[in-house]
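Heads up, the thing below is written out as structure tokens.
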Amino acid sequence: MSWKGNNQKLHTKFEDDVPKNEVLNTPEYNDEVTSTEVNKSKKRKRKKKTSNDLEAKDQENQTNISKDVNIEISNGNDLTVESPNSKQVKSIDQEDRKIHKLPKVNNKKPKISTKLKTNGNGKPKTVNFFSDDEEEQRDGRGIELSKESRILKSKQLLKIRETLPIYKSKDEIISKLQKERVTILIGETGSGKSTQIPQFLLPLNKKSIAVTQPRRVAAINLATRVAEEAGSALGDKVGYSVRFDNKTTHHTKLKYLTDGMLLRELMVQSSLPEYSTIIIDEAHERTVLTDLLMGFLKELLTKRNDLKLIIMSATLDAEKFSKFYNDAQILYVEGKMYNVDRLYLGEPVEDIVDASIKSIVQVNNGELEGDILVFLPGQEEIDKCVGLLERIAPGLPREAPLIVPLPLYAALPPVEQAKVFLPLKARRRKVILATNIAETSITVPGVRYVIDSGLRKVKVWRHQLGLSTLLTAPVSKASSTQRAGRAGREREGKAFRLYTEDDYGKLPNQTEPEISRSNVTSPVLMLKRAGIDDILNWSWLEHPGQESLLSSLTQLYQIKALDDQGKITKLGLQMAILPLEPQLSAILLNAYETGCLTQVVDIVSCLSVDNLVMNPQSESRDEVNEKRLSLCILGSKYGDLLMLKELLDFYIQFDNSRERQQWCKELSLSFRGFKNVLRVRNQIRQYMIMLTKDQHLFDEDEEIGNKPMDISSVLKAFLIGFVSNTAIGMPDRSYRTTASGQLISVHPSSMIFGKKADAIMYTDYVYTTKGYARNVSVIDLSMLQEAGSHLLASKTKV
DNA sequence: GAGCACTGC
């Protein structure tokens, strides 16, 4: 690879037939070529080695991998835990906006050694790794501790907590937080802000404290950790609340919850009377839900004088948050990250897969021990790299460690994902090829080198066309800093950026907030439910744009969630309560009226679970497709929605989970996905019983079992929500959308791919190489006309 | 005849 300041050039693309020496160059990274960032960070005092995993990890959203994977850790594998060096806390004062240094605290570091537990017989204990099944996760944590041992544990943990940088400035932080109603708290990774700040405030709050997280696993892990620190049983003083799992009681004073859950609480009681302090964590991620929360809370602050708000963020975008809350004070807390050298290419590359491979080989040949994490935009690039690496690895020089390539992306089966956590034999080096999932959601231990393509995939909603596109786009500076930081979690590391320093300079500072490129139909319905009439002038942290809002209002009017005055209807209120997209809620409510609710709940539940029907491996693709077609008689005739219903029926019929698992494997379906489908189904049923006040709503169907279903009613119900997602068949087997006349193709993964139909309805329309309809059903023209009359009528009114 | 980043209720 040719890096800046290095005359070596890329001559050929890396291919199988390229002579090995072409790629086996000795490393040519030029350490002198560093960014201003690096120079700056080099000037900072080098930090001493710390590997206090417990404290560092509770700041990160450790992810669920599989509960199925048992990982054995060999005996005698001691973890040496050292506390961080003395740290400073800087604060930006509200009046002069200058950075003040808080007093430095000298801190002698106690050395704590933690031995991994054994089973008493000297054999290593089997450690269960991250499960996202909370039931089993709790089991994995062992027996409930007695009150005495909880207090003892809490005292032990206090020693570690006291070494955290944030602990040193406890009093000062508390007094600053007490003075103001809103605080923006910037804390670097590992500062301990998510675990410590809420505990500092606990004695000062009359009511409860809520801490929101973008991901459920983060909420659960933080609550578990903080409960231990506080000597509380989980769910007692400290608890959590996420979908399908609530570990709180009326005693709970500190509650970690997903931001979706807090929004749901807002929908029920707009003043959130339970809480006296609300902390929004990970605000820099700017998810749609966090953005919405921040808007709602801004309005709530004017109504509730006793409410305090803390916005926690990892990057320096504090100004925007501060301005939004009328120049709120900003506090800055330093974390404990190691220095990461950043190296750039001298010239831009065209082929990112080729460049990645070459860099991996170079790093492997020339750098000290430590794993390599490669950020690539998507599955396609990752699979290519893995394939190439597997071929060349055995032929690489013996002096260098053997490369073990490991893919990591969300659609990968959990067992495969978990492999990145497995320890390797000596003289081997993990090369983890990951999407953005490794940027925030999954923290891989042992990484010392990051190779960053500077690219990611991003879904962009085009409200004019009613379709989403999936684009490969450059990341932001904040994102590339975050990626580089993955190399500095345990010791000093290096980040190799597969772009020039010039190109880095051209990147946007922050990632564009999700809300400005998303379909906002659901957020708009939430606002309407909260009684906000003037959607266009609401306190948006980021305004989604007038056109996007108007298109959402039209959508909501079409599904009868809003009346022609733009007021929320009785139906709309019910839709806002259901934990689904408004379109799917509308479909359910219609199905209730027409008597096919049970079937529609089943299908909607399947639609709510990602990666349920997986893409079979290419070698078994035809076989699996054949099996699915012959098994799903209705699906092969009417399309994917009915296939889902048939698959779920089959799944339920099996007696035990072993059979279910086997069956899923044969048809390339997600076993875990189906378990989730059943949870979603149960939840939706409960909601429907609540809305209809009919306790016996689903009783009859349970008794009769599989009564023949009225296919026409089911499809008609779906047309209520997806009438604008329809297309008419043309003589040449293509389809044109009814909404805009665009050419659209049935996605080859669909049951009705290659079949001829008069008209189709689809739940997704994604533009990749061309416009594809996914989750496709065959419908009658007469059905479409019937449903379309409502659409036409609505168009003349709006 | 294609291949989709990541979350949440």
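The values are calculated or read from the model by the stated rules, or taken from the named source; none is laboratory data. Keep in mind the model is a prediction, meaning the values are calculated, not measured. Virtual Cβ from ideal backbone geometry, glycine too; neighbours counted across all protein chains shown.
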Seminar exercise, completed: Scanning the range A:623-678 residue by residue, those surrounded by fewer than 18 Cβ atoms within 10 Å (Cβ to Cβ), of a type outside the set (D, E, K, R) and not in a helix (DSSP H, G or I) turn out to be A:654, A:656
For this session: Please work out if residue A:234 is of a type in the set (A, V, I, L, M), touching a residue at least 12 places away in the same chain (Cβ under 8 Å) and surrounded by fewer than 19 Cβ atoms within 10 Å (Cβ to Cβ).
Result: no
Seminar exercise, completed: Picked from the range A:244-274 (must be polar (S, T, N, Q) and buried (at least 18 other Cβ atoms within 10 Å of the Cβ)), the residue nearest to residue A:213 (Cα to Cα) is A:258
For this session: Would you tally the residues in the range A:390-424 being within 28 Å of the chain's Cα centre (by Cα) and among the small types (Gly, Ala, Ser)?
Result: 3
Exercise. For residue A:129, all conditions in the list (1) surrounded by 15 or more Cβ atoms within 10 Å (Cβ to Cβ); (2) touching a helix residue (DSSP H, G or I) at 6+ places or on another chain (Cβ under 8 Å); (3) modelled with pLDDT of 75 or more hold save one; what is the number of the exception?
Worked result: (3)
Exercise. Within 16 Å of DNA strand B (Cβ to nearest atom), in contact with a helix residue (DSSP H, G or I) (Cβ under 7 Å, 6 or more places away or on another chain), among the β-branched types (Val, Ile, Thr) and not in a helix (DSSP H, G or I) - does that describe any residue in the range A:187-209?
Worked result: no
Exercise. So which residues in the range A:747-771 are hydroxyl-bearing (Ser, Thr, Tyr) and modelled with pLDDT under 90, if there are any at all?
Worked result: A:749, A:765, A:767, A:768, A:769
Seminar exercise, completed: When the range A:360-381 is checked residue by residue, the ones that are in contact with a helix residue (DSSP H, G or I) (Cβ under 8 Å, 6 or more places away or on another chain) and either within 16 Å of DNA strand B (Cβ to nearest atom) or assigned to a helix (DSSP H, G or I) (or both) are A:360, A:361, A:373, A:374, A:375, A:376, A:377, A:381
Exercise. Being under 21 Å from residue A:618 (Cβ atoms) and more than 9 Å from DNA strand B (Cβ to nearest atom), is that true of even one residue in the range A:751-768?
Worked result: yes
Problem set entry | Test: residue in the range A:399-410 that is outside any strand (DSSP E or B), surrounded by 19 or more Cβ atoms within 10 Å (Cβ to Cβ) and touching a Leu at 6+ places or on another chain (Cβ under 6 Å) | no
Exercise. Quick check, is residue A:277 in contact (Cβ under 8 Å) with a residue 60 or more places away in the chain, surrounded by fewer than 21 Cβ atoms within 10 Å (Cβ to Cβ) and under 26 Å from residue A:316 (Cα atoms)?
Worked result: no
For this session: Determine which member of the set A:744, A:689, A:728 is modelled with pLDDT of 90 or more, part of a strand (DSSP E or B) and surrounded by fewer than 20 Cβ atoms within 10 Å (Cβ to Cβ).
Result: A:728
Exercise. How many residues does the range A:400-421 contain that are at pLDDT below 90 and out of contact with any Asp or Glu (no Cβ under 9 Å at 6 or more places or on another chain)?
Worked result: 4
Exercise. What pairs come up if the first residue lies in the range A:399-414 and is within 12 Å of DNA strand B (Cβ to nearest atom), the second is in a strand (DSSP E or B), and their beta carbons are under 7 Å apart, counting only those six or more places apart or on different chains?
Worked result: A:407/A:433; A:408/A:432; A:408/A:433; A:408/A:434; A:409/A:434
For this session: Of all residues in the range A:425-454, count the ones that are at pLDDT 90 or above, among the aliphatic types (A, V, I, L, M) and out of contact with any Asp or Glu (no Cβ under 9 Å at 6 or more places or on another chain).
Result: 5
Problem set entry | Failed criterion for residue A:518 (all others in (1) small (Gly, Ala, Ser); (2) surrounded by 15 or more Cβ atoms within 10 Å (Cβ to Cβ); (3) at positive phi hold) | (3)
Exercise. Can you find a residue in the range A:730-741 that is in contact with a Phe, Trp or Tyr (Cβ under 8 Å, 6 or more places away or on another chain) and either closer than 20 Å to residue A:582 by Cα or not hydroxyl-bearing (Ser, Thr, Tyr) (or both)?
Worked result: no
For this session: Would you be able to say whether some residue in the range A:382-389 is within 20 Å of the chain's Cα centre (by Cα) and either away from DNA strand B (no atom under 16 Å from the Cβ) or surrounded by 17 or more Cβ atoms within 10 Å (Cβ to Cβ) (or both)?
Result: yes
Seminar exercise, completed: The residue from A:593, A:623, A:581 that alone is more than 30 Å from the chain's Cα centre (by Cα) and within 16 Å of DNA strand B (Cβ to nearest atom) is A:623
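Matching residues to (1) surrounded by 19 or more Cβ atoms within 10 Å (Cβ to Cβ); (2) modelled with pLDDT under 95:
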position	(1), (2)
A:558	yes, yes
A:568	yes, no
A:594	no, yes
A:611	no, yes
A:617	no, yes
Exercise. Restricting to helices (runs of 4 or more DSSP H) lying wholly in the range A:468-530: which have 3 or more residues that are more than 13 Å from residue A:455 (Cα to Cα) and in contact with a helix residue (DSSP H, G or I) (Cβ under 7 Å, 6 or more places away or on another chain)?
Worked result: A:521-529
Seminar exercise, completed: All conditions in (1) surrounded by fewer than 21 Cβ atoms within 10 Å (Cβ to Cβ); (2) out of contact with any Pro (no Cβ under 8 Å at 6 or more places or on another chain) are true of residue A:313 except (1)
